[in-house]
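Input: a single structure, listed below in structure tokens.
Just so it is clear, none of the values below were taken in a lab; they were calculated from the coordinates. Every value quoted in this text rests on a predicted model; they were computed, and no experiment measured them. Methodologically, a virtual Cβ is constructed for each residue, glycine included, from the backbone with ideal geometry; neighbour enumeration extends over all protein chains shown.
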């Protein structure tokens, strides 16, 4: 290990500051972990200081418990560290130690990725699966919550001031539906949303209308469709953008006024080409979705990912005997991590289970499927920051979609109505 990754003098400076200054001791416990110290004796001293802070005790170099379990370091050593410590440089030393730990994780993860890539018995999808898993493990180990209240307060005030400067009442990205935005505070980067309904209610139409609103607001989006081919998806976008009859467009029977709107819609969709990517390969894996989204994020920018729909995703590195519920749980956690780690909005469309859709008696479809009925796993409900359920009475009131915000981790619940033009798939309040 090179001295850039491991520096004993850095250990002594950090521990000396923590012994000399109680504030440094508490900051060190919050910022560092015992695993950052590769040398056993230094690691044990840090753990003993951490235990003393947990008990609310003042750090005393003469306390015999400070050297419990230590083999080679003596009292005179820690007294020297204390006397030579410079608390004003503690934050810099702590950052160096943290970065050294992160570099070791990167090197370790790179070695594991290299071994996976060199394994000729694995197919390429398994190699990509290993690559993604090792990357996520490294990120989770490096990710430490920012716990300094002054920094959190500064970031909160900055967010409020930026919102005031924009003149916006919501903090996130607008869906285009005012009442829903007010309840959600918009769609917030880093959060994971579930949009659920049973078949033919309008999940995909709602998602495409929302994506179109994002694009018109200057945002970048990736749309993963595991059911529709690319031409069908683009035609749906054209009909929504131009408020066109999908039936007329299919049969090439556009009237003159519709044809002009079609040309305008075509021009508008083409203007989004640098900010919109559509993926329509059937049987997409979780690993490929994450890799494609991350690539778009770092090469051209990405704000929103939409997946239509979550039950169609597969996980390439799970065994053949893995249950459907466990696979769906892995997918849900992976999408949650995708949102958190990349600071983007992730929206996953979901189906309901047959048991949830059917009424308790008579076998008819219930009008308001319950939250617990998300198909496949209760983890979808647990992992999501918000769950939006859609319903539509196709026989008596086909032009109205009812949405219900059944889970909202950061705000109130509620419901509302959206006008739905069936022919063009346009949704408006």
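From the Cα gyration tensor of the stretch 8-94, with a ≥ b ≥ c the square roots of its eigenvalues, which class applies: rounded if a/c is under 1.5, or else prolate if a/b is larger than b/c, or else oblate?
Rounded shape, in that the Cα axes give a/c under 1.5.
How much of the DSSP bridge set in the stretch 175-428 is antiparallel, in percent, rounded to the nearest 5?
45 percent
Could you put 284, 195 in order, starting from the residue whose Cβ has the fewest other Cβ atoms within 10 Å?
Ranked by crowding around the Cβ, least crowded first: 284, 195.
Could I have the simple spin-label model distance between residue 323 and residue 185, label points 7 Å from Cα toward Cβ, reported in nm to one decimal?
Taking the two extended label points, one gets 3.6 nm.
Using only the Cα atoms of the stretch 59-116, build the gyration tensor, take square roots of its eigenvalues as a ≥ b ≥ c, and label the shape rounded, prolate or oblate: rounded if a/c is under 1.5, else prolate if a/b is larger than b/c, else oblate.
Here the stretch 59-116 falls in the oblate category.
For the peptides 159-169, 400-410, 217-227, what is the packing order when you average, over each peptide's residues, the other Cβ atoms within 10 Å and list the highest mean first?
Packing proxy ranking, top to bottom: 217-227, 400-410, 159-169.
Just order 332-341, 102-111, 31-40 by mean Cβ neighbour count inside 10 Å, highest at the front, would you?
Working: 332-341: 20.9, 102-111: 14.5, 31-40: 16.4.
Answer by packing, highest mean first, reads 332-341, 31-40, 102-111.
Highest mean first, how do 293-305, 47-59 rank when packing is the count of other Cβ atoms within 10 Å averaged over residues?
Most protected by this proxy first, the peptides run 293-305, 47-59.
Along the Cα→Cβ direction, 7 angstrom out, place labels at residue 256 and residue 419. What is the inter-label distance in nm?
Modelled inter-label distance: 2.6 nm.
Using only Cα atoms, locate the centre of the stretch 232-258 and the centre of the stretch 42-94, then give the distance between them in Å, rounded to an integer.
About 72 Å separates the Cα centre of the stretch 232-258 from the one of the stretch 42-94.
Stretch residue 200-residue 161 to full length: gain in nm at 0.36 nm per residue minus the Cα-Cα span? List each step's numbers first, then the result.
Working: separation 39, 0.36 × 39 = 14.04 nm, distance 4.24 nm.
That pair, residue 200 and residue 161, stretches by 9.8 nm at full extension.
What FRET efficiency do you get for residue 246 and residue 110 if R0 is 60 Å and r is their Cβ-Cβ distance, rounded to the nearest 0.05? Each step should come with its number before you reach the end.
Working: r = 49 Å, r/R0 = 0.82.
Calculated transfer efficiency: 0.75.
Pulled fully out, how much extra length does the chain show between residue 117 and residue 39, if you take 0.36 nm times their separation in residues and subtract their Cα-Cα distance?
24.9 nm is the gain from fully extending residue 117 to residue 39.
Residue 71 to residue 410: extension gain in nm, 0.36 nm per residue of separation minus the Cα-Cα distance?
117.1 nm
How many angstrom separate the Cα center of the stretch 24-40 from the Cα center of the stretch 152-206?
For the stretch 24-40 versus the stretch 152-206, the Cα centre distance is 37 Å.
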